[in-house]
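Read through the structure below, which is laid out as structure tokens, and then see the notes.
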């Protein structure tokens with residue numbers, strides 16, 4: 001049994017199979033309804049959102065504060081292996097969150113209303129705008145600067161230091177924005 005849990009893909013696949021079983025047992029008679037598929041879109045949106053914000057919090061609560069305490073000879077393990085892998089999932093989770101958020105809003109027929117902050121969708125609309133800003137920050141500020149800071153692209157020592165600071169400030173900005181964004185996502189039914 002231990003070998004099974006050593007393989008992330010098997011664990012994810014098993015989780016998906018279990019979710020499908022639950023879906024058939026609980027909602028088998030609703031699988032062809034628009035409401036059901038809107039729920040599936042929301043479920044996938046939440047999955048990607050948890051991955052994205054979880055990694056954002058990992059970077060800001062764990063990696064950034066811990067890096068100065070790591071001995072110099074151990075830092076390359078983080079910079080060359082852990083951070084690039086985490087950033088891969090971070091940026092694609094951001095993209096998945098936005099994609100399935102838009103699909104969820106479309107499936108629930110409120111995308112235009114939410115993005116234009118019309119009555120009844122103002123809270124979710126603010127959350128959507130915050131998430132879009134955060135995703136843009138991931139792809140157009142954090143990731144380009146992290147590539148320099150981590151040596152994925154060529155940069156001088158000064159450029160790496162400057163890029164690391166810009167990426168950190170952008171990441172802290174996203175951490176700040178995540179708090180009202182999460183509030184809006186949870187409180188959407190309030191209007």
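Quick check on residue 97: is it assigned to a helix (DSSP H, G or I), farther than 30 Å from residue 75 by Cα and touching a residue at least 60 places away in the same chain (Cβ under 8 Å)? When the stated conditions are applied, residue 97 does not pass them. You will find that of 125, 120, 106, the residue that is at pLDDT below 95, more than 16 Å from the chain's Cα centre (by Cα), assigned to a helix (DSSP H, G or I) and assigned by TED's automatic domain parsing to the domain that holds residue 88 is 106 and no other.
Scanning segment 12-56 for residues that are surrounded by 13 or more Cβ atoms within 10 Å (Cβ to Cβ), in contact (Cβ under 8 Å) with a residue 60 or more places away in the chain and over 21 Å from the mean Cα position of the chain (by Cα) returns a single hit, 37.
Residues that are assigned by TED's automatic domain parsing to the domain that holds residue 102, without any contact (Cβ under 8 Å) to a residue 24 or more places away in the chain and under 14 Å from the mean Cα position of the chain (by Cα) do not occur anywhere in segment 141-153. Scanning segment 57-75 for residues that are surrounded by 12 or more Cβ atoms within 10 Å (Cβ to Cβ) and assigned to a helix (DSSP H, G or I) turns up 57, 58, 59, 60, 63, 64, 67, 75. The residue list 163, 135, 155 contains one member that is surrounded by 17 or more Cβ atoms within 10 Å (Cβ to Cβ), part of a loop (DSSP other than H, G, I, E, B) and out of contact with any strand residue (DSSP E or B) (no Cβ under 6 Å at 6 or more places or on another chain), which is 155. Look at (1) closer than 21 Å to residue 43 by Cα; (2) buried (at least 18 other Cβ atoms within 10 Å of the Cβ) and you find that residue 109 fails only one, number (2). Within segment 166-179, restricting attention to residues that are free of Cβ contacts under 8 Å to residues at least 60 places away in the same chain and touching a helix residue (DSSP H, G or I) at 6+ places or on another chain (Cβ under 6 Å), which residue is surrounded by the most Cβ atoms within 10 Å (Cβ to Cβ)? In this case the residue turns out to be 167.
The values are calculated or read from the model by the stated rules, or taken from the named source; none is laboratory data. Values in this document were obtained by computation on a predicted structure and should not be read as measured data. Glycine gets a Cβ as well: all are built from the backbone with ideal geometry, and neighbour counts include every protein chain shown.
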